[in-house]
1. On the basis of being in contact with a Cys (Cβ under 7 Å, 6 or more places away or on another chain), outside the structural domain of Ser87 (by TED's automatic domain parsing), under 27 Å from Ser87 (Cβ atoms) and crowded, with 18+ Cβ neighbours inside 10 Å, does Glu267 make the cut?
2. Test Ala89 against the stated conditions and say whether it is farther than 23 Å from Leu132 by Cα, touching a Phe, Trp or Tyr at 6+ places or on another chain (Cβ under 6 Å) and assigned to a helix (DSSP H, G or I).
3. For the range 160-201, how many residues are in contact (Cβ under 8 Å) with a residue 60 or more places away in the chain, in a strand (DSSP E or B) and more than 15 Å from Ala233 (Cβ to Cβ)?
4. Do we find that Leu224 is touching a helix residue (DSSP H, G or I) at 6+ places or on another chain (Cβ under 6 Å) and touching a residue at least 40 places away in the same chain (Cβ under 8 Å) in this structure?
5. Would you check if Tyr141 is crowded, with 18+ Cβ neighbours inside 10 Å and closer than 18 Å to Thr260 by Cβ?
6. Given the conditions (1) within 30 Å of Val118 (Cβ to Cβ); (2) part of a loop (DSSP other than H, G, I, E, B); (3) touching a Phe, Trp or Tyr at 6+ places or on another chain (Cβ under 7 Å), and given that Pro157 satisfies all but one, which numbered condition is not satisfied?
7. Can you list residue pairs whose Cβ atoms sit under 7 Å apart, with the first residue in the range 204-216 being not assigned by TED's automatic domain parsing to the domain that holds Thr178 and the second being at pLDDT below 95? Count only pairs 6 or more apart in sequence or on different chains.
8. Tell me, which residue of the range 284-316 that is among the hydrophobic types (A, V, I, L, M, F, W, C) and more than 22 Å from Ser229 (Cβ to Cβ) is surrounded by the most Cβ atoms within 10 Å (Cβ to Cβ)?
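The values are calculated or read from the model by the stated rules, or taken from the named source; none is laboratory data. Note that the structure is a prediction, hence the values are computed from the model and not measured. Note that we place each Cβ from the backbone using ideal geometry, even for glycine, and neighbour counts take in every protein chain shown.
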Amino acid sequence: MISVAHLVDDSAVGGVTRFLDALTGELGEKVRQSRISVKPLATLPPRIDADVVIVHFTMSWSKLPFLLALRARFGTRPIVLVEHSYSAAFERLAVPAPHRFRMMLRSSYRLVDRVVSVSYGQARWMRAAHLLPADKLSVIYPFTDCTELAALQQPAPKYGPLSLGAYGRYCAQKDFSTLLAAMSLIDPAIATLTLRGFGPDTKALTAQAEPLSNVNVGAKIDNLSDFLSTVDAIAVPSRFEPFGQVAYEARLAGRPIIVTDVDGLPEQVDELNGLVVPVGNAEVLAGAIRQMAVSRRLGPWSEMCQAAHMSASTHTAISAGHWKTLLGTLGTSNRPFIGANDTSQLLHQHHTH
């Protein structure tokens, strides 16, 4: 049995925590897992009794000494870093000094044996930016326990306005302001929006929605299944999204999606389960909402909902299988799970599709 230690920092909550909970359940007795909370800004790494260490916190210049000490202390045993945070769109929007930022990432990735990317879009950026050799890169989608979402009844085709939903943190990354601007261009008889979340932009979004009779802005969701059962489709208008957990949850629940063309979001859309729009463009987004409203009234709505669900139905099993293979390989011979040629081929195949 291989033993794995997951390192998280004090602020690692939410999606990463739920992913680790789900991974523990999926790997079960085949992998002995532990979760260690560390303070990479303040202390050196503890002594870790494990075959493999997996780093889940976001890297920065100030955390490099911790990672360097971890490399020295852990010796020849493999270290894996999961890149949960950074992406091409993040770099474009939030990084004032890209050269220095990439230097930090190259230094971090050089200290580990494998980097796991959470989407093919993110991985293409990593390779294009020459952040690491191809034979150190694996692409494995994250997953969480969403069993209850798969059991939801899919929305039936019907007349009346499309019930669009959106949820997440009220902040610049999620760009709900563009979604509200799009809704201001849509007749209430065509579509309504239910927006749920919390964050620093709460007041601004509430004020923006006040004159819109077809928009309801509310607080954080208490029960995701209950929320998704009340909407027909989900919009994800994010400015950057390395993977896009909301899009995955919506698909699993059989809700078609409208996403922006950034990072890992477009690869979650096929010919039938949703639409992709340019980031930050309210007019085009409004057009996509109208198009989805027509599909719900006149078809092929049932096929879209079924396609959404089917596109996510094997997600957890496939990702867990990749983790089992990767950990088994690293725990024995430390050979790459995806070699240089395989990684390049996977990225090329996905890009051509």
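1. Judged against the criteria, Glu267 is not a match.
2. Values: farther than 23 Å from Leu132 by Cα: no; touching a Phe, Trp or Tyr at 6+ places or on another chain (Cβ under 6 Å): yes; assigned to a helix (DSSP H, G or I): yes.
Spelling it out, it is not the case that Ala89 is farther than 23 Å from Leu132 by Cα, touching a Phe, Trp or Tyr at 6+ places or on another chain (Cβ under 6 Å) and assigned to a helix (DSSP H, G or I).
3. 1
4. On the way: touching a helix residue (DSSP H, G or I) at 6+ places or on another chain (Cβ under 6 Å): no; touching a residue at least 40 places away in the same chain (Cβ under 8 Å): yes.
Against the criterion (touching a helix residue (DSSP H, G or I) at 6+ places or on another chain (Cβ under 6 Å) and touching a residue at least 40 places away in the same chain (Cβ under 8 Å)), Leu224 does not qualify.
5. On the way: crowded, with 18+ Cβ neighbours inside 10 Å: yes; closer than 18 Å to Thr260 by Cβ: no.
Taking the combined requirement at face value, the residue does not satisfy it.
6. It fails just one condition, (1).
7. Sorted first by the residue in the range 204-216, then by its partner, the list stays empty.
8. Of the range 284-316, the ones among the hydrophobic types (A, V, I, L, M, F, W, C) are 284-286, 288-289, 292-294, 298, 301, 304-305, 307-308, 310, 312.
Applying the additional criterion that residues be more than 22 Å from Ser229 (Cβ to Cβ) yields 284-286, 288, 294, 298.
Values: Val284: 15, Leu285: 26, Ala286: 21, Ala288: 18, Val294: 13, Leu298: 10.
Per the stated criteria, the residue is Leu285.
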